[in-house]
1. Of the residues that sit in segment 20-36 and are more than 12 Å from the ligand (Cβ to nearest atom) and surrounded by fewer than 16 Cβ atoms within 10 Å (Cβ to Cβ), which one is modelled with the highest pLDDT?
2. Which one is surrounded by the fewest Cβ atoms within 10 Å (Cβ to Cβ) among residues in segment 38-51 that are modelled with pLDDT of 80 or more and under 14 Å from residue 20 (Cβ atoms)?
Amino acid sequence: MTSSTATPETVERYVDPDDLICPCCRERAVELVPAGAGVDGVPGFAHLDGSTLCGTDRAGCNVEPVEVIQ
Ligand SMILES: [Zn+2]
């Protein structure tokens, strides 16, 4: 039986949203608009409890969550 089901040779790097954490406190980060976030420049990520991620850059933008490295 030679059923060639999908076996991609180039596996695209896929970041599982479940593997994102806050780079500062290393708590889970979820795709969520934190309370109090402006319409523009919406961070788009928050802690599980809905608070913004800890770190902000100089422009006051929220940091991007990082991927958990197992
Ligand atoms: Zn944090």
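1. 31
2. Looking at residues that are modelled with pLDDT of 80 or more and under 14 Å from residue 20 (Cβ atoms), I get 48.
The values are calculated or read from the model by the stated rules, or taken from the named source; none is laboratory data. As the structure is a prediction and not an experimental result, all values here were calculated from the model. Cβ atoms come from the backbone with ideal geometry, glycine included; neighbour counts cover every protein chain shown.
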